[in-house]
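Have a look at the structure below, then the notes.
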Amino acid sequence: MSFNSREFRNALGNFATGVTIVTARSRSGEPLGLTASSFNSVSLDPPLVLFSLDRKAYSLKSFEEAGNFAINVLRDDQQEISRLFATALTDKWQGLEYDTWVSGAPVLKHALAVFDCSTPAVHDGGDHLIFIGQV
């Protein structure tokens with residue numbers, strides 16, 4: 001039996017996950033954000049979470065340099081925000097309400113839950129980088 005990456009991806013797509021918007025600020029202070037379903041809890045003590053970012057992502061370098069991020073868990077009625085942040089090179093922030101918490105990352109005002117994190121580690125994950133966040 002040979003490995004088929006398309007079949008693997010399709011099979012993974014059958015696992016229902018929540019949708020998040022991962023946010024940070026670039027070194028110049030510009031707000032960053034992207035839609036991510038690759039979010040998991042890692043540890044309760046200390047409180048750790050992770051998200052994975054494709055090595056081809058336009059904002060990868062900025063997320064690596066930021067040193068922190070926020071995970072914004074979307075409600076089921078926020079599909080439009082999910083689509084907006086899934087599109088590269090668009091103005092995602094115009095008219096969007098957000099606050100800034102301890103990390104400095106933008107926090108969406110109407111998110112279901114938010115995890116404001118520092119980034120103690122980034123790990124190799126094949127075609128992705130795995131960002132560990134200490135909440």
When the residues of the stretch 35-58 are narrowed to those that are of a type in the set (A, V, I, L, M) and open to solvent by 20 Å² or more (accessible area, probe 1.4 Å), which ends up nearest to the chain's Cα centre (by Cα)? L50
Has the stretch 7-15 got any residue that is touching a Leu at 6+ places or on another chain (Cβ under 9 Å), outside any strand (DSSP E or B) and surrounded by fewer than 20 Cβ atoms within 10 Å (Cβ to Cβ)? no
Would you say L50 is assigned to a strand (DSSP E or B) and either touching a strand residue (DSSP E or B) at 6+ places or on another chain (Cβ under 6 Å) or within 17 Å of L32 (Cα to Cα) (or both)? yes
Would you confirm whether any residue within the stretch 88-98 is open to solvent by 30 Å² or more (accessible area, probe 1.4 Å) and under 13 Å from the mean Cα position of the chain (by Cα)? no
Is there any pair linking a residue in the stretch 20-49 that is over 14 Å from F131 (Cα atoms) to one that is at pLDDT 95 or above and of a type in the set (D, E, K, R), with Cβ under 7 Å and at least six apart or on different chains, and which? R27/E65; P31/R25; L32/R25
Any residue at all in the stretch 59-77 that's of a type in the set (S, T, Y), assigned to a loop (DSSP other than H, G, I, E, B), surrounded by 13 or more Cβ atoms within 10 Å (Cβ to Cβ) and touching a Cys at 6+ places or on another chain (Cβ under 7 Å)? no
How about the stretch 102-119: which of its residues are loosely packed, with under 13 Cβ neighbours inside 10 Å and within 18 Å of V49 (Cβ to Cβ)? V102, A113
Output for the stretch 1-38, where each listed residue is farther than 15 Å from A57 by Cβ, at pLDDT below 95 and touching a Phe, Trp or Tyr at 6+ places or on another chain (Cβ under 8 Å): T17, G18
Note down all Cβ pairs under 7 Å where the first residue falls in the stretch 108-122 and is under 28 Å from E80 (Cβ atoms), the second is open to solvent by 60 Å² or more (accessible area, probe 1.4 Å) and of a type in the set (K, R), and they're at least six residues apart or on different chains. L112/R75
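The values are calculated or read from the model by the stated rules, or taken from the named source; none is laboratory data. Quantities reported herein were computed from a predicted structural model and do not represent experimental measurements. Because the Cβ atoms are built from the backbone with ideal geometry, glycine has one as well, and the counts that use them run over all protein chains shown. In case anyone asks, the SASA skips ligands and DNA or RNA and just uses the protein heavy atoms, side chains included. Shrake-Rupley method; radii C 1.70, N 1.55, O 1.52, S 1.80 Å.
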